[in-house]
2 protein chains.
Amino acid sequence: MRNVSIKDIAAAAGVSHSTVSRALRNSPLLKPETIARIQKIAQEKGYTASAAARSLVTRRTQTIGVVVTTIADPFVAEVVSGIEEAANEHRYSVFLANSNAEPEREMNVVRSFAEHRVDGIVVTSSRVGALYTPMLSSMQVPIVLVNNQHPGEFVHSVMIANFEASRQATGLLVELGHRRIAYLGDRFGYQSDSERFAGYREALDCAGLAFVPELVSHGDGRPEGGYEAMKKLLALPDPPTAVFCYNDMSALGALKAIREAGLRVPRDISIVGFDDLFVAEYAEPPLTTVRQPRRQMGRLAAEILLKLIQGEQADEVLRVPGELVLRQSTAPPPCPEPR
Amino acid sequence: MRNVSIKDIAAAAGVSHSTVSRALRNSPLLKPETIARIQKIAQEKGYTASAAARSLVTRRTQTIGVVVTTIADPFVAEVVSGIEEAANEHRYSVFLANSNAEPEREMNVVRSFAEHRVDGIVVTSSRVGALYTPMLSSMQVPIVLVNNQHPGEFVHSVMIANFEASRQATGLLVELGHRRIAYLGDRFGYQSDSERFAGYREALDCAGLAFVPELVSHGDGRPEGGYEAMKKLLALPDPPTAVFCYNDMSALGALKAIREAGLRVPRDISIVGFDDLFVAEYAEPPLTTVRQPRRQMGRLAAEILLKLIQGEQADEVLRVPGELVLRQSTAPPPCPEPR
DNA sequence: ACGTAGAATGGACACGTTTGCGGAACGTCT
DNA sequence: AGACGTTCCGCAAACGTGTCCATTCTACGT
């Protein structure tokens, strides 16, 4: 059964289809009673405009594409939630595509977005494939990145203020009295890792603490990597009394390593994470960490994108502040053993 | 700058646009060299077909709509990941829409899907608003539900085999030697709760254990509710030695309540969850739970939907088995206090 | 050389919408 | 009464593609 079109309504109302079109868009060219009459008929017939036909002539699809490495990543999911929310408020719909960081899927994503003529794109994947960058930008639409590790050739992005947040987090450990503070980083050379590391260094400097290279260990951003990296730190002759971790996932692994070593958090060692993933709250002990306003970041990215679509100016790199969330994985350092 | 169309290519190749259309679709009506020549030109000009124009005439959009309450729910996100994956393999794109369980947004979702003429819909939200059910079904497209609590008027759905999984999980506790096994359920009357409860009852019956009403307590499916419900159980004169929880979220709350009561898991009390959320693995202790093959369920839902779109038959209610994952929150009951 | 079957291609319309332009109806002013 | 300005509406073209039908071209058999 065909969908009812503007012409069917025109026939029913005894007017031309142009008039119907205008009536449905509340054109001031029509007299109010005509508008009301036509809208009533449209309502009765259960009319729904065809986005395809409309966008064919308006050259706007009211649609944005969102690429993610995988929506199964809770971090990404919340960002997308914010994007979708903001888009919806502006009557935009979102196409979701997972790239899985696979070149083939990345091609599919580009093709799909191009064919559907999305008005703009938000990329929420830490890594964008090299070959895929030029393809994305070749399709003449605005693009906004969220927390991207290689913003390189793109202009617009929304990012967490890594440096400041990291300095603040490390600062907390300093204030608690720690003097041997380790940095458990990420080994992939991401921009966020170097920024967080820089914040860590800065906090040490401010406190007049010397930087000790042995106190830096690298994981892989996941619990397994954090676990191994923490074991190395624990094996030092003089282990740290506090560890600032690149992210919560690493911190989870670190917690496990510490537990297995028979030590207690925060009594023996303090741990600070980064992200405030849901699990941070339910770790044992609940993790002190830096909250990233993920949903908000998604909203902002969408709003910047929508501005760009309207042809307006928008922030090029927007830094949003993190928030230090105090839980129970941080405490003053243990008293030196009495001797 | 306009996108290059089929006509531009026709002009460049000195043929009619119909020929180009055929060439791009590898029609056997054209001779191979013409096809090759035209495809080459299309390639050079960076041609991308317009999905809008195409779907206007084919009456197919190669698009499916996915409604979720919120993509920020990790459970949902993984299901969606599976849906998107399967859809992509069949060259379908997905529209993602969050309903947030708000009537207004639900209306928006329906409008948006209707206007975009999606070929089918997957609903991954535990609750579908009453008013919104008829709207969805009014738009003449196939619909598949995933783990929906009120499948009511819809025909097709994919669900976890609650009863069997729950019986098995409770059975584990029985085998470990527990005799006072509690059920920490959900209070909203969801179908999954009653099915899981039924499985629990069945396992008790099989083991010849009497059902004790006091050993049933209700949370709200979230940690807070689980926490409160567990406190009630702990306050009993003769508390349970094991608890089977409606889901992992409730179990997390239960773990917290137990910790606060100064008891240890699993030494004093065993806990089993349901879902195998990511956090289950990193809870303290790591949680024994029932894994739901979320991604797989998403894939299946998409595949059923795609079959329906092709006009084929498909399973009406597909039950997928859960998998009991043994971790460290379960052990034999404590020895009775020596006296 | 000519008719013809079959292969290859073009013409035209349709899909559903928006919009510039022109025209009819109506009222107002001189 | 005629000129003119408004108000309201219809006509037609356009967006990019698919496809039926008609037409041209090619090659073949006689």
query: With respect to B:R60, is the statement that it is in contact (Cβ under 8 Å) with a residue 24 or more places away in the chain and surrounded by fewer than 19 Cβ atoms within 10 Å (Cβ to Cβ) true?
result: yes
- prompt: Just to be sure, is B:F95 within 27 Å of B:R111 (Cβ to Cβ), assigned to a helix (DSSP H, G or I) and either of a type in the set (S, T, N, Q) or under 36 Å from the mean Cα position of the chain (by Cα) (or both)?
  reply: no
query: Which one of these is among the acidic types (D, E) and over 19 Å from A:P333 (Cβ atoms): A:E175, A:E195?
result: A:E195
- request: Looking for whichever is within 12 Å of DNA strand C (Cβ to nearest atom) and either of a type in the set (D, E, K, R) or modelled with pLDDT of 95 or more (or both) here; the options are A:A87, A:A53, A:A97. Which one fits?
  value: A:A53
message: I'd like to know if region B:165-174 contains one or more residues that are within 20 Å of B:P293 (Cα to Cα), modelled with pLDDT under 95 and surrounded by 20 or more Cβ atoms within 10 Å (Cβ to Cβ).
response: no
query: Scanning for something open to solvent by 10 Å² or more (accessible area, probe 1.4 Å), among the acidic types (D, E), within 30 Å of B:E224 (Cβ to Cβ) and in a loop (DSSP other than H, G, I, E, B), does region A:236-243 turn up at least one residue?
result: no
- request: Pick out the one residue from A:S93, A:S5, A:S27 that is under 17 Å from A:A302 (Cα atoms) and among the hydroxyl-bearing types (S, T, Y).
  value: A:S93
field: Qualifying position, being among the β-branched types (V, I, T) and within 30 Å of B:Y227 (Cα to Cα), among B:V146, B:V141
entry: B:V146
- request: Residue by residue through region B:140-153, note down the ones that are among the hydrophobic types (A, V, I, L, M, F, W, C) and either buried (at least 20 other Cβ atoms within 10 Å of the Cβ) or assigned to a helix (DSSP H, G or I) (or both).
  value: B:I143, B:V144, B:L145, B:V146
- request: Select from region B:1-16 the residues that are farther than 26 Å from A:D119 by Cα and in contact (Cβ under 8 Å) with a residue 12 or more places away in the chain and write down the one among them that is farthest from DNA strand C (Cβ to nearest atom).
  value: B:A12
query: If you scan region A:32-49, which residues turn out to be open to solvent by less than 80 Å² (accessible area, probe 1.4 Å) and either under 24 Å from B:M135 (Cα atoms) or not hydrophobic (A, V, I, L, M, F, W, C) (or both)?
result: A:T34, A:A36, A:I38, A:Q39, A:I41, A:A42, A:G46, A:Y47, A:T48, A:A49
- prompt: Based on what the data block shows, is B:L29 within 9 Å of DNA strand C (Cβ to nearest atom) and surrounded by 13 or more Cβ atoms within 10 Å (Cβ to Cβ)?
  reply: no
message: I'd like to know if region A:54-64 contains one or more residues that are closer than 28 Å to A:D276 by Cβ and not hydroxyl-bearing (S, T, Y).
response: yes
The one condition in (1) at pLDDT 95 or above; (2) within 16 Å of A:A169 (Cβ to Cβ); (3) of a type in the set (A, V, I, L, M, F, W, C) that A:A280 fails to fulfil: (1)
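Rundown of residues vs (1) touching a Ser or Thr at 6+ places or on another chain (Cβ under 7 Å); (2) away from every other protein chain (no Cβ under 14 Å), yes/no style:
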site	(1), (2)
A:V79	yes, no
A:E85	no, no
A:N98	yes, no
A:A101	yes, no
A:V110	no, no
A:I121	no, no
A:M139	no, no
A:V146	yes, yes
A:Q149	yes, yes
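The values are calculated or read from the model by the stated rules, or taken from the named source; none is laboratory data. Please read all numbers here as calculations on a predicted model, not as lab measurements. Glycine gets a Cβ as well: all are built from the backbone with ideal geometry, and neighbour counts include every protein chain shown. Each accessible area value is taken on the protein alone, full model and side chains, heavy atoms only, with ligands, DNA and RNA left out. Shrake-Rupley method; radii C 1.70, N 1.55, O 1.52, S 1.80 Å.
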